[in-house]
Amino acid sequence: MINEKVIIAGFGGQGVMLMGQLLSYAATDKDLNTLWFPSYGPETRGGTANCSVTISETTVNSPVISTPDSIIIMNKPSLDKFQPKLKKGGHLFLNSSLVKDVVVRDDVNVYNIEANDIAKRLGNIKVANMVILGAYLAVTKVFTEDEVLEILKQKFTGEKAKLIDINRKALEAGRLAI
């Protein structure tokens with residue numbers, strides 16, 4: 001039975017909200033119950049941003065996630081804020097390009113993904129979010145890369161359609177980074 005609760009957090013402009021939306025839309029496409037709950041800091045770009053996504057085969061009753069199954073962390077302030085909430089045995093996906101030399105809990109599964117570095121090698125720093133999302137998908141198997149890519153194709157139309165290929169490569173690179 002699918003019942004995944006994930007918190008995604010970082011600075012505004014890192015694609016945190018897009019990751020949450022893609023997961024929520026993929027859930028809707030698969031006729032699952034889902035809730036995407038965004039939270040913005042004082043600025044959209046550069047301020048803190050996080051979102052909670054619940055994906056379930058049963059009814060979702062609240063947008064609040066007190067104990068997530070997984071957290072995707074794009075920066076140090078987000079690690080400090082959300083690491084204590086992660087359930088024992090949960091999954092912590094850490095953008096180790098930006099978050100270095102940190103002490104993380106020893107009762108969770110930690111995946112250090114050099115998301116920014118990988119994105120730079122791909123030629124576009126803005127796909128760091130897709131790199132770490134690819135790692136998340138590889139571990140949790142809540143959706144396939146193809147299912148998320150289909151949602152991306154629906155969202156990225158017109159001029160943005162040219163970004164689909166680099167995002168596909170980023171999802172794949174994230175999977176391979178595990």
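The values are calculated or read from the model by the stated rules, or taken from the named source; none is laboratory data. Predicted model only: the values in this text are computed from it and were never measured. Reconstructed Cβ throughout: ideal geometry from the backbone, glycine too, with neighbour counts over all protein chains shown.
Here are a few things to note about the model shown:
- Scanning the range 12-33 for residues that are crowded, with 19+ Cβ neighbours inside 10 Å, outside any helix (DSSP H, G or I) and on the phi < 0 side of the Ramachandran plot turns up Gln14, Leu32.
Listed here are the residues, each with its yes/no results for (1) in contact with a strand residue (DSSP E or B) (Cβ under 7 Å, 6 or more places away or on another chain); (2) within 23 Å of Ser39 (Cβ to Cβ); (3) among the aromatic types (Phe, Trp, Tyr).
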site: Asp80; (1), (2), (3): no, yes, no
site: Ser97; (1), (2), (3): no, no, no
site: Ile113; (1), (2), (3): yes, yes, no
site: Asp117; (1), (2), (3): no, no, no
site: Lys120; (1), (2), (3): no, no, no
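- Subset of the range 146-178 (residues that are in contact (Cβ under 8 Å) with a residue 40 or more places away in the chain and either hydroxyl-bearing (Ser, Thr, Tyr) or touching a strand residue (DSSP E or B) at 6+ places or on another chain (Cβ under 9 Å) (or both)): Gly174, Ala177, Ile178
- All positions within the range 95-136 that are surrounded by fewer than 24 Cβ atoms within 10 Å (Cβ to Cβ) and under 13 Å from the mean Cα position of the chain (by Cα): Tyr111
- Check on Ile132, farther than 26 Å from Ser66 by Cα, at pLDDT 95 or above and among the β-branched types (Val, Ile, Thr): no
- You will find that of Thr67, Thr54, Thr48, Thr34, the residue that is over 14 Å from the mean Cα position of the chain (by Cα), at pLDDT 95 or above and within 24 Å of Ile113 (Cα to Cα) is Thr67 and no other.
- Within the range 139-148, the set of residues being among the aliphatic types (A, V, I, L, M) and crowded, with 19+ Cβ neighbours inside 10 Å comprises Val142, Val148.
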